[in-house]
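S.K.: The structure follows.
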Amino acid sequence: MTAEQDDLAFKALTQKISRARGVSCDAYKDKCMRRRIAVRMRARGVHTYEDYSRLLDQDAHEYELLLDALTINVTKFYRNPETWNALAKPYLADLWHARRGQVRVWSAGCASGEEPYTLAVLLCETARSAGDDAATRARVDATDVDRLSLERTRAAQYPETAFTEMPAALVRRYFTAAPPRRPLPAVQRLVHILKHDLTREPPPDPPYDLIVCRNVVIYFDRPTQERLFATFADALTPNGILLLGKVETLFGPARDRLVLQEPRERIYQKPV
Ligand SMILES: C[S@@+](CC[C@H](N)C(=O)[O-])C[C@H]1O[C@@H](n2cnc3c(N)ncnc32)[C@H](O)[C@@H]1O
């Protein structure tokens, strides 16, 4: 098969997946899609995109397995501790003091929930320091495109290995003692879980004071990333914060609208 034929077969396959499952495959980097599809092809012992396409026709469950492979779900509580420490003080504390009403947070691409529950814990801590009640002032929208990830977020049961980066005092204060650990009701109550596709849908319930989107846009192609960054800038309140993953960088028009406050931690802020 020539490279051109291979490209055509790949394009036909991704268009078919997009049509069948309503995911915008063309928003993802080709290299990333090819690698993930190759994983499923190997698992099913087929060697060409055409054969894999036929297999999808015969076996609807394979679509679920493929979508699972496409959405990489690695995550942890308090992943990259220095980032959360930098966010908590001064940014989260300042937001808490500046806002009279609700402090609204969006964890976009939340995987199995470790990130939004980390945010809920930090909001509880911020409220505690301010002598406030988090439940009445904070809300975290936790969204992901992957159904299985959202089920895990709802189930909210985590093995010890999920906590290796979180300070032990926070684990003791905000999670049940016996494994599998669960966030306490005061933490869970802050988190609202919903299915959402970042490549196709507007933000679920703007405006937000803090948008956390880490290790997600890395899989998207440049035009999709640029569009998404502009959407985030629109969705933030004045003084609102955008937190990206450690290897992700803002570009395009949004770069002129948000100020890079912490270069190492990828903390951006919208000017007033
Ligand atoms: C590597 S995880 C990142 C989890 C967490 N944000 C973190 O940094 O620990 C990437 C997540 O992005 C989600 N994702 C991929 N494409 C998406 C899309 N189009 N819309 C929303 N979420 C998406 C995946 O399902 C996966 O849960």
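The values are calculated or read from the model by the stated rules, or taken from the named source; none is laboratory data. Bear in mind the structure is a predicted one, so any value in this text is a computation, not a measurement. Cβ sites come from the backbone with ideal geometry, for glycine too, and all protein chains shown count toward neighbours. To get the accessible areas, we keep the full protein, side chains included, count just its heavy atoms, and leave off ligands, DNA and RNA. Shrake-Rupley method; radii C 1.70, N 1.55, O 1.52, S 1.80 Å.
S.K.: What do you get for GluC sites (Glu not before Pro) in the stretch 59-118 restricted to DSSP loop and a cutoff of at most 15 other Cβ within 10 Å of the site's Cβ?
M.R.: none
S.K.: What does the stretch 181-272 give for Rg and for Dmax, in Å, if only its C-alpha atoms count?
M.R.: 13.9, 42
S.K.: Further question on the same structure: Kindly state, as a whole number, the per residue volume in cubic angstrom of the convex hull around the alpha carbon atoms of the chain.
M.R.: Per residue, the Cα convex hull of the chain comes to 130 Å³.
S.K.: Here is a further query. Along Cα→Cβ, 7 Å out, is where each label goes; now give me the distance between the ones at ARG42 and ARG99 in nm to one decimal.
M.R.: 4.4 nm
S.K.: Can you send over the solvent-accessible area of THR143, 1.4 Å probe, protein chains only, in Å² to the nearest 10?
M.R.: 0 Å²
S.K.: Something else: Given the Cα-Cα distance of ALA186 and LYS31 and 0.36 nm per residue of separation, how much length would full extension add, in nm?
M.R.: Gain on extension, ALA186 to LYS31, equals 51.6 nm.
S.K.: Pairing the Cα long axis of helix 60-70 with the longest principal axis of the chain, what angle in degrees results, from 0 to 90 and rounded to the nearest 10?
M.R.: Once rounded, one gets 50 degrees.
S.K.: Could I ask something else about it? Round to the nearest 10 and report in Å² the accessible area of LYS16, as given by a 1.4 Å probe over the protein chains' heavy atoms.
M.R.: Around 40 Å² of this residue is reachable by solvent.
S.K.: Enter the accessible area of LYS246 (Å², nearest 10), with the probe set to 1.4 Å and all protein chains included.
M.R.: Approximately 60 Å² of LYS246 is accessible to the 1.4 Å probe.
S.K.: Could I ask something else about it? With just the Cα atoms defining each centre, how far is the stretch 7-86 from the stretch 147-226? Give it in Å.
M.R.: If you average the Cα positions of each part, the centres end up 21 Å apart.
S.K.: Between ALA142, ALA111, ALA88, find the one with the highest GNM mean-square fluctuation for the chain; connect C-alpha pairs within less than 10 Å.
M.R.: ALA88
S.K.: Right, here's the next one. Which value in nm describes the separation of the simple spin-label points at GLU64 and VAL259, placed 7 Å from the Cα toward the beta carbon?
M.R.: Each label point lies 7 Å from its Cα, and together they span 4.9 nm.
S.K.: Which residue fluctuates the most in the chain, going by a Gaussian network model with Cα springs under 10 Å, if the choices are GLY101, GLY240, GLY252?
M.R.: GLY101
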